[in-house]
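Contents: one structure, followed by commentary.
The values are calculated or read from the model by the stated rules, or taken from the named source; none is laboratory data. None of the values given here were measured: they were computed from a predicted structure. A quick note on method: Cβ atoms are made from the backbone with ideal geometry, for glycine too, and the neighbour counts reach across all protein chains shown.
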């Protein structure tokens, strides 16, 4: 996560022109974010477990850019507060799109999606996952997501062609 004061500039570039992202541009952006020593922030995350459901609620301050992880399974997302500009990369299809979500909104998050989120205002975003495991937050992100493109590619490529049913597109 990166605290950024010039909202709208990192995902869209010049706000007067449309910007199309590719997987390579998103990888570059995430790499640049990781190099920003002293600008990374810890975000408030609340974990809740109830009757086979895991909910992860994250609070994103306005102006913060978040590099999300790649989701392994379909789940529900709810933005209950705020406005966010989001670039969605579907690693299964190779498609990318930029959307602006304004609360309140609920949507399905498909398997194979990664998001780069720029909080235009303070945002509260909750994801809901089917979870039959132990009710502990230790390592829970690894159950539902791959850390980054490299982790996704390593796991899916090691499984062999057709073994996962996933086709990785650059």
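Looking at the structure I just gave you, is residue 62 outside any strand (DSSP E or B), more than 14 Å from the chain's Cα centre (by Cα) and at pLDDT 85 or above?
On the way: outside any strand (DSSP E or B): yes; more than 14 Å from the chain's Cα centre (by Cα): yes; at pLDDT 85 or above: yes.
So residue 62 fits the description; yes.
What number of residues within segment 103-135 are touching a residue at least 12 places away in the same chain (Cβ under 8 Å) and part of a loop (DSSP other than H, G, I, E, B)? If you could, list the steps in order and put the result at the bottom.
Keep residues of segment 103-135 that are touching a residue at least 12 places away in the same chain (Cβ under 8 Å), which gives 103-132, 135.
So of that shortlist, the ones also part of a loop (DSSP other than H, G, I, E, B) come out as 103-104, 110-112, 120-122, 131-132, 135.
The total comes to 11.
If you go through segment 64-102, how many residues are over 27 Å from residue 40 (Cα atoms) and free of Cβ contacts under 8 Å to residues at least 12 places away in the same chain?
Going through segment 64-102 one residue at a time, the tally reaches 1.
Looking at (1) more than 20 Å from residue 137 (Cα to Cα); (2) in a strand (DSSP E or B); (3) at pLDDT 95 or above, which is the one condition that is false for residue 57?
Result: residue 57 passes all but (1).
With (1) at pLDDT 80 or above; (2) over 23 Å from residue 152 (Cα atoms) as the list, and residue 19 as the residue in question, which single condition is left unmet?
(1)
Identify, please: which residue in segment 83-111 is surrounded by fewer than 17 Cβ atoms within 10 Å (Cβ to Cβ) and within 12 Å of the chain's Cα centre (by Cα) and is, among those, nearest to residue 122 (Cα to Cα)?
Across segment 83-111, the extreme among qualifying residues is 110.
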